[in-house]
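Shown next, in structure tokens, is the structure this report addresses.
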Amino acid sequence: MGWILRLPEEGRDVPARLKVSDVSAQARGDPTGEIWSRSFGKHELTSFQDANQHGFLSERFGLTELLFRLEVVEHSLVFVTVGGALVVGPIRIRLPLRLCPEVRARVSGHEGNRERLNVSVSLRVPLFGLVLAYEGYIDPEVANS
């Protein structure tokens, strides 16, 4: 299942990097979303994130779109899967929640380092179970434009 979803291979202490880039509407220059490029060793996993009209965070990986409600729980930002769809061009097929991939993600501050963020993410797919999990920390870098 991991190969079909183009997920990284299993490993321990895999070097990881996250790059977040704004996507702007060409005519207005307004930010319309972000491209999240995650690299795990030599494997890259890219998604597009934006806020949808209902106030949920939308994240799209290829043909799959997941919707999240963001909650603050015990000083952490928690991503709660609330829906999903298969998307091909303008065609969107909503998935029943029981058939949606389930992401469990939590981001929190790191004790002793105000810039560092602790991250924990898991992805479960119905009928297949756990297909991806990672945890660690992110040290932000600001790129000069």
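The values are calculated or read from the model by the stated rules, or taken from the named source; none is laboratory data. Source: prediction; values computed, not measured. Neighbour counts are summed over all protein chains in view; Cβ atoms, including those assigned to glycine, are modelled from backbone coordinates with ideal geometry. Heads up: the accessible areas ignore ligands, DNA and RNA and are worked out on the full protein's heavy atoms, side chains in. Shrake-Rupley method; radii C 1.70, N 1.55, O 1.52, S 1.80 Å.
The table that follows gives values for the structure above.
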{"item": "Region 33-65 - residue that is open to solvent by 60 Å² or more (accessible area, probe 1.4 Å) and among the polar types (S, T, N, Q) and, of those, farthest from V14 (Cα to Cα)", "result": "Q53"}
{"item": "Enumerated strands (runs of 3 or more DSSP E) restricted to region 4-79, each holding at least 3 residues that are in contact with a strand residue (DSSP E or B) (Cβ under 7 Å, 6 or more places away or on another chain) and at pLDDT below 85", "result": "16-24, 31-40"}
